[in-house]
Amino acid sequence: MEKIPMTAAGLTRLQDELRNLKVVERPAIIKAIAEARQHGDLSENAEYHAARERQSFIEGRIVELEDKISRTEVIDVSKLSGKNVTFGTTVTLADEDTDEKSVYQIVGTDEADIAQGRLSVTSPLARALIGKKVGDSVEVSTPRGGTKSYEVVKLEFR
């Protein structure tokens, strides 16, 4: 069984979502199905079918989250150190064309949120950064087919 690397914060988010689905969403959808059944003919009851579809989604998501949580390997970022980019590292990059700086933390796939500066370890940029040191340059293919060059300016383990 393949382990899923994740930060402690990422695991907490998944556990919170699972708890919400089991404690809030599941009982609410069961109630909605019971109410929809009272409206008569189920073959023409749109509320019933919508509620059953939602229930199917919730149950599927619960199974998915339970599987991910059981396979999670929590990486304590605060105990990491070194001179190379690894999982959990917060990297400051400078665009070599514009000198614009950006900061990303390399996290697990389920934690990724580019707007929050959390970059999936499986993304092209993160894969290019793994193993690099301060001062190294990385070249990454962009979705539009070009390439972008960055310099690693700073590494933090926080």
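All of the numbers you see were taken from the coordinates with simple rules; none came from a lab. Source: prediction; values computed, not measured. Note that we place each Cβ from the backbone using ideal geometry, even for glycine, and neighbour counts take in every protein chain shown.
Residues whose amide H comes within less than 5 Å of that of residue 72, counting only those at least five positions distant or on another chain, are 4 (H built at 1.01 Å from N in the peptide plane). The listed peptides 106-119, 88-101, ordered by packing as a protection proxy, come out as 106-119, 88-101 (highest mean of other Cβ atoms within 10 Å first). Pick from 51, 34, 126 the residue whose mean-square fluctuation is largest in a GNM of the chain, springs joining Cα atoms under 10 Å. Result for the chain, Cα springs under 10 Å: 34 fluctuates most.
The 3J(HN,Hα) values that the Karplus relation (6.51, -1.76, 1.60; θ = phi - 60°) gives for segment 136-145 are, in residue order, 6, 10, 10, 10, 10, 6, 8, x, 7, x Hz. Gly and Pro appear as x. Recomputing Kirkwood radius over Cα pairs in Å from the coordinates shown identifies the correct label among [x] 16.3; [y] 18.4; [z] 15.5 as [y].
For segment 149-154, the Karplus equation 6.51 cos²θ - 1.76 cosθ + 1.60, evaluated at θ = phi - 60°, returns couplings of 10, 10, 10, 6, 9, 7 Hz by residue, with Gly and Pro reported as x. Karplus-based coupling profile of segment 13-29, in residue order and whole Hz: 4, 5, 5, 5, 5, 4, 4, 4, 5, 6, 8, 10, 5, 4, x, 5, 6, with θ = phi - 60° in 6.51 cos²θ - 1.76 cosθ + 1.60 and x standing for Gly or Pro.
Taking a ≥ b ≥ c as the square roots of the eigenvalues of the alpha carbon gyration tensor, segment 4-74 is prolate, as a/c is not under 1.5 and a/b beats b/c.
Rounded to the nearest 5, what % of the DSSP beta bridges within the chain are antiparallel ones? Mind dumping the intermediate values first?
Working: 17 of 23 bridges.
Of all bridge pairs located within the chain, approximately 75 percent are antiparallel.
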